[in-house]
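Engineer: A single structure is presented below for examination.
Bear in mind that the values in this text are calculations on the coordinates, not laboratory data. Since the model is a prediction, treat every value here as computed from it, not as a measurement. Quick reminder, even Gly has a Cβ in these numbers, built from the backbone with ideal geometry, and neighbours come from all protein chains shown.
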Ligand code: BTN
């Protein structure tokens with residue numbers, strides 16, 4: 001069972017996890033984090049739960065996770081950055097999760113724009129960013145992270161698309177140690193976020209993103225577009241070379257299909 005004592009034991013950070021709320025069951029850690037952010041809780045506060053009754057995913061989907069097997073947590077972040085940079089926060093989070101998994105388990109993980117982590121082309125982590133803006137700057141962002149750690153079975157409709165760390169490495173993973181590795185990476189990379197210096201984050205994210213340079217299909221509200229993923233722009237948008245010109249897509253609107261190949 002995850003406890004505050006275990007999660008904080010030996011953890012040394014500058015910004016992250018100075019306040020930590022641990023729940024057995026909650027509706028959604030993102031929903032809880034949002035309430036805390038509204039009452040002006042500290043930057044870097046984390047909410048974690050063993051189980052969510054109303055876990056939220058991207059694009060209005062739900063996020064279901066077996067109790068006591070996975071990591072479900074949300075980080076409240078309040079960097080004073082321009083609103084145009086908010087779309088880069090999912091890349092910061094995905095990079096940090098990828099680095100944490102690699103550092104602890106020494107396995108290859110793949111970042112898929114905007115904010116998924118894949119192993120062997122199957123999703124093991126999803127990230128949901130929810131933000132509140134002042135006029136020109138970010139008021140706060142909630143970075144919700146769901147990692148399939150030790151879950152072995154997935155609903156039939158997810159079986160081909162989802163995986164867990166345990167399924168991929170054939171052994172159980174210590175969730176406390178993994179949480180601490182990821183929090184350390186979030187904390188280390190936060191220095192760049194705080195400065196609004198996302199160049200380093202994007203460069204490192206690109207090193208984990210084999211989809212760049214590949215043919216992809218983007219599903220959006222007007223249908224779909226196919227082209228070559230070319231890079232990330234200064235706002236975190238995905239630049240795609242399509243037959244009818246270069247287009248940029250933003251995370252709120254689309255989902256992506258591609259073959260690793
Ligand atoms: C996705 O659709 O891929 C994003 C899933 C994000 C799930 C996490 S679990 C912790 C946090 N709380 C939520 O309700 N959602 C995020």
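Engineer: Listed residues 228, 212; which is in contact with a strand residue (DSSP E or B) (Cβ under 8 Å, 6 or more places away or on another chain) and part of a strand (DSSP E or B)?
Structural biologist: Numbers: 212 fails: part of a strand (DSSP E or B).
That would be 228, the only listed residue that is in contact with a strand residue (DSSP E or B) (Cβ under 8 Å, 6 or more places away or on another chain) and part of a strand (DSSP E or B).
Engineer: Could you please find all residues in region 128-159 being under 20 Å from residue 53 (Cβ atoms), buried (at least 18 other Cβ atoms within 10 Å of the Cβ) and either within 13 Å of the ligand (Cβ to nearest atom) or under 11 Å from the mean Cα position of the chain (by Cα) (or both)?
Structural biologist: Across region 128-159, the qualifying residues are 128, 142, 144, 145, 146, 147, 148, 149, 151.
Engineer: Just to verify a result, which residue in region 46-64, among those that are buried (at least 22 other Cβ atoms within 10 Å of the Cβ) and more than 15 Å from the chain's Cα centre (by Cα), is farthest from the ligand (Cβ to nearest atom)? Outline the logic, then answer.
Structural biologist: Step one: list which residues in region 46-64 are buried (at least 22 other Cβ atoms within 10 Å of the Cβ), which gives 46-49, 52, 55.
Going one step further and asking which of them are more than 15 Å from the chain's Cα centre (by Cα), we end up with 49, 52.
Values: 49: 8, 52: 6 Å.
It comes out as 49.
Engineer: Against the condition over 30 Å from residue 43 (Cα atoms) and within 16 Å of the ligand (Cβ to nearest atom), how does residue 122 come out, does it pass? Explain how you work it out, then say what you get.
Structural biologist: Values: over 30 Å from residue 43 (Cα atoms): yes; within 16 Å of the ligand (Cβ to nearest atom): yes.
Against the criterion (over 30 Å from residue 43 (Cα atoms) and within 16 Å of the ligand (Cβ to nearest atom)), residue 122 qualifies.
Engineer: Being within 12 Å of residue 74 (Cα to Cα) and touching a residue at least 60 places away in the same chain (Cβ under 8 Å) is the filter here, so list the residues in region 3-39 that pass it.
Structural biologist: 16, 17, 28, 29, 30, 33, 34, 37
Engineer: Please tell me if residue 99 is buried (at least 20 other Cβ atoms within 10 Å of the Cβ) and more than 16 Å from the ligand (Cβ to nearest atom).
Structural biologist: Details: buried (at least 20 other Cβ atoms within 10 Å of the Cβ): yes; more than 16 Å from the ligand (Cβ to nearest atom): yes.
Answer is yes for this residue.
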